[in-house]
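Engineer: Just dropping this structure here.
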Protein chains: 2
Amino acid sequence: MTQTPVRPIPKRPLTLRDVSEVSGVSEMTVSRVLRNRGDVSEATREKVLKAARDLGYVPNKIAGALASSRVNLVAVIIPSLSNMVFPEVMTGISEILDDTELQPVVGVTHYKPEREEAVLYEMLSWRPSGVIIAGLEHTEAAKAMLGAAGIPIVEIMDTDGVAIDAVVGISHRRAGRKMAQAIVDAGYKKIGFLGTKMPLDHRARKRFEGFTEALAKAGLEVADQEFYSGGSALAKGREMTETILNRTPDLDFLYYSNDMIGAGGLLYCLDNGIDVPGQIGLAGFNGIEFLDGLPRQLATMDACRVEIGRAAAQIIVDRASDPAAVGKEVVSLDPSLDFGDTLKRIKKV
Amino acid sequence: MTQTPVRPIPKRPLTLRDVSEVSGVSEMTVSRVLRNRGDVSEATREKVLKAARDLGYVPNKIAGALASSRVNLVAVIIPSLSNMVFPEVMTGISEILDDTELQPVVGVTHYKPEREEAVLYEMLSWRPSGVIIAGLEHTEAAKAMLGAAGIPIVEIMDTDGVAIDAVVGISHRRAGRKMAQAIVDAGYKKIGFLGTKMPLDHRARKRFEGFTEALAKAGLEVADQEFYSGGSALAKGREMTETILNRTPDLDFLYYSNDMIGAGGLLYCLDNGIDVPGQIGLAGFNGIEFLDGLPRQLATMDACRVEIGRAAAQIIVDRASDPAAVGKEVVSLDPSLDFGDTLKRIKKV
DNA sequence: AACCGCTATGTTAACGCTAACAGGGCGAAA
DNA sequence: TTTCGCCCTGTTAGCGTTAACATAGCGGTT
């Protein structure tokens with residue numbers, strides 16, 4: 001008994017026409033069935049669906065998008081996927097978009113402005129329904145493209161600056177100030193800063209600026225600092241902590257620009273019998289989930305990542321469904337400080 | 001002094017026609033310039049480029065793709081972005097694709113077969129140049145779609161099973177066996193297993209199968225096991241380790257299905273003064289970078305993630321440039337065992 | 001001067017689908 | 001029975017770009 005193959009070699013890719021021929025109705029009707037649009041009798045609907053299924057037909061969105069000038073894609077442009085922060089933002093975005101027709105498409109810039117510009121150009125050439133892009137700093141050309149795209153643009157993560165359209169994020173300057181304030185209130189005096197070398201991580205820079213500003217207001221300044229780039233952040237955190245403590249042994253607080261290096265520092269201190277937070281206090285930034293498993297809870301500040309993703313996606317969804325929506329929304333979330341076990345909780349006098 | 005806006009409100013989106021009118025040549029010539037295809041005089045080229053730049057024109061790939069029936073997208077379908085493993089695979093893919101016209105588009109399935117099917121359908125409807133998809137297990141419908149798509153398909157991560165087209169990965173069964181062998185050789189006898197509850201993580205399952213198989217060959221079996229789902233993997237690793245050791249205190253080895261929970265277990269043991277690897281040996285799986293920063297190096301097995309991404313992307317690239325290429329490539333990488341500090345290195349007798 | 005072979009540009013017809021409108025058929029109201 | 005209106009289905013005309021072919025011009029040959 002020979003088994004007749006259902007599809008005798010798919011030479012030419014399938015089109016609506018193939019389905020229409022098999023099911024004996026017009027292409028238009030097939031299109032209507034496949035999109036659940038317009039009235040189609042139950043009998044026809046089933047006939048068409050069966051034909052489509054039997055053939056293994058997959059609609060061609062390229063053609064569909066061109067004809068309807070509707071593209072259900074949302075461009076999401078972020079600096080990196082290995083930072084954990086961004087996958088979490090993606091989670092928030094997906095949560096919202098999963099309930100809609102819209103679909104996220106991710107582009108990664110590696111923190112390079114020229115890559116951002118290229119990725120953006122590439123994305124816009126697919127005519128997406130909206131753009132979610134990290135940060136407020138872009139090349140002139142990128143800003144021009146975003147401004148002229150005629151679609152909703154949401155800049156995320158950061159609210160310290162001028163937005164093109166909508167913004168969702170936190171004030172990193174304020175986050176830096178808040179942390180500095182807590183450190184000062186707890187009575188620490190000799191503070192070290194450890195961060196990334198990247199001059200293009202504007203948000204880390206802004207946190208640092210807010211931090212030093214608030215310290216200055218309390219008559220303090222950063223006593224020593226140490227920067228890194230590349231490599232395993234956890235291991236780097238260890239090394240940097242060792243380095244800075246050897247150089248300036250009387251530091252009584254270390255502020256890390258992210259939780260990963262902060263965690264490395266914490267492990268270093270514990271390994272070396274340093275009393276935390278008595279002898280030295282520690283704090284990071286981000287509130288990443290994995291801190292929960294450490295021997296001691298690192299003080300940190302939650303950057304509301306999932307929430308940012310959700311809010312940004314919601315703006316795109318709202319505007320996509322109602323083109324009359326005005327725009328220029330500003331959602332400024334408030335990062336909460338978590339003292340953990342590494343920052344003394346002392347009431348301000 | 002009023003500043004004249006360059007673009008007086010971009011009502012109707014720009015098309016080739018707009019550029020052609022401004023630059024005074026035909027649409028075809030503009031198209032040629034913008035794609036660097038065919039001979040165009042230097043004078044015309046510059047005129048066109050200037051017009052395009054001034055207008056802020058961004059080509060419409062939807063139309064371009066339809067006309068040329070060429071889409072420079074590669075669909076990448078993976079279970080998750082929060083697993084670290086997958087961002088690393090993405091890194092490998094990007095490394096290769098960045099040198100080409102091709103661009104990755106990511107779809108996430110959350111380990112759910114029906115999501116995978118839906119994501120795949122969605123992706124295929126954009127008629128990509130190739131598909132890179134994690135795993136060998138798919139729904140029947142998904143397999144049918146992949147088989148009929150008529151484009152290169154590379155299934156990645158796993159080589160234990162039947163592939164549709166090309167495969168790049170490691171044998172997880174073999175990886176499990178190899179680890180079991182090392183554990184047996186080191187003289188451990190009472191072995192516990194800790195892993196995810198997910199019945200759909202086929203690769204973890206295959207590792208476990210290989211593991212028990214090799215133990216059996218040595219006359220041993222898994223003495224106790226513990227499973228988890230959700231939550232911070234590091235914290236879960238701690239909890240599970242505590243649970244299993246309370247239940248079965250005389251275990252002398254713990255094999256974790258991934259490094260994150262393994263790291264949690266390691267931290268637990270260190271916190272509780274358990275002698276590692278003397279009293280208890282530990283091992284994980286994946287070789288994730290962040291292990292470098294831990295107080296002690298967890299034994300693990302490198303899953304060659306970046307390498308897998310590179311090889312998979314290379315296959316797509318090769319086939320895209322040479323449609324005559326036959327296909328059905330099988331690239332089976334060999335995971336290397338890293339003893340770290342938590343698995344005794346004892347020569348087999 | 002007629003002709004060749006270029007190079008640089010233009011013209012035409014898809015690509016596969018959907019918006020918008022145009023009927024055909026049929027039951028209900030008059 | 002006629003007429004209106006409602007379902008359901010079909011027809012036509014693009015969407016913005018590119019492949020393929022057509023052609024204008026121009027210097028160099030013979």
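Engineer: Could you look through segment A:227-267, keep only residues that are in a helix (DSSP H, G or I) and touching an Asp or Glu at 6+ places or on another chain (Cβ under 7 Å), and pick out the one that is surrounded by the fewest Cβ atoms within 10 Å (Cβ to Cβ)?
Structural biologist: Selected residue: A:Arg247.
Engineer: Sticking with this one: For segment B:47-75, which residues satisfy the criterion of being within 10 Å of another protein chain (Cβ to nearest Cβ) and within 25 Å of B:Val167 (Cβ to Cβ)?
Structural biologist: B:Val71, B:Asn72, B:Leu73, listed by residue number.
Engineer: Which condition breaks for B:Gly278 when tested against (1) assigned to a loop (DSSP other than H, G, I, E, B); (2) closer than 28 Å to A:Asn83 by Cα?
Structural biologist: Answer for B:Gly278: the failing condition is (2).
Engineer: Sticking with this structure for a sec: I need the full set of residues from segment A:288-303 which are touching a helix residue (DSSP H, G or I) at 6+ places or on another chain (Cβ under 9 Å) and away from chain B (no Cβ under 11 Å), in order please.
Structural biologist: Hits for segment A:288-303 are A:Leu298, A:Ala299, A:Thr300, A:Met301, A:Ala303.
Engineer: Let me ask you something else. Looking at A:Asp250, A:Asp224 in this structure, which one is of a type outside the set (Lys, Arg) and either on the phi > 0 side of the Ramachandran plot or free of Cβ contacts under 8 Å to residues at least 40 places away in the same chain (or both)?
Structural biologist: A:Asp224
Engineer: Restricting attention to segment B:295-315, does a residue exist that is part of a strand (DSSP E or B), within 16 Å of the chain's Cα centre (by Cα) and either more than 23 Å from B:Ala175 (Cβ to Cβ) or among the acidic types (Asp, Glu) (or both)?
Structural biologist: There is at least one residue in segment B:295-315 that is part of a strand (DSSP E or B), within 16 Å of the chain's Cα centre (by Cα) and either more than 23 Å from B:Ala175 (Cβ to Cβ) or among the acidic types (Asp, Glu) (or both).
Engineer: On the basis of being of a type outside the set (Lys, Arg), farther than 27 Å from B:Gly262 by Cβ and outside the structural domain of B:Phe290 (by TED's automatic domain parsing), does B:Ala134 make the cut?
Structural biologist: So B:Ala134 fails the test.
Engineer: Could you list, in sequence order, the residues of segment A:263-286 that are within 14 Å of another protein chain (Cβ to nearest Cβ) and in contact (Cβ under 8 Å) with a residue 40 or more places away in the chain?
Structural biologist: Scanning segment A:263-286 gives A:Gly265, A:Leu266, A:Asn286.
Engineer: Quick check on my filter: what residues within segment B:8-24 are open to solvent by 70 Å² or more (accessible area, probe 1.4 Å) and near DNA strand D (Cβ under 10 Å from one of its atoms)?
Structural biologist: Result: B:Arg12, B:Pro13, B:Arg17.
Engineer: A further question follows. Which ones in segment B:116-144 are free of Cβ contacts under 8 Å to residues at least 12 places away in the same chain and not in a helix (DSSP H, G or I)?
Structural biologist: B:Ser125
Engineer: What is the number of the single condition among (1) open to solvent by less than 20 Å² (accessible area, probe 1.4 Å); (2) within 16 Å of the chain's Cα centre (by Cα) that B:Glu137 does not meet?
Structural biologist: Among (1) open to solvent by less than 20 Å² (accessible area, probe 1.4 Å); (2) within 16 Å of the chain's Cα centre (by Cα), B:Glu137 violates only (1).
Engineer: Using the structure shown, decide if A:Pro113 is more than 16 Å from DNA strand D (Cβ to nearest atom) and either touching a Ser or Thr at 6+ places or on another chain (Cβ under 6 Å) or basic (Lys, Arg) (or both).
Structural biologist: yes
The values are calculated or read from the model by the stated rules, or taken from the named source; none is laboratory data. Quantities reported herein were computed from a predicted structural model and do not represent experimental measurements. As a convention, Cβ positions derive from the backbone with ideal geometry for all residues, glycine included, and neighbour counts pool all protein chains shown. Protein only, heavy atoms only, side chains kept; ligands, DNA and RNA dropped before computing areas. Shrake-Rupley method; radii C 1.70, N 1.55, O 1.52, S 1.80 Å.
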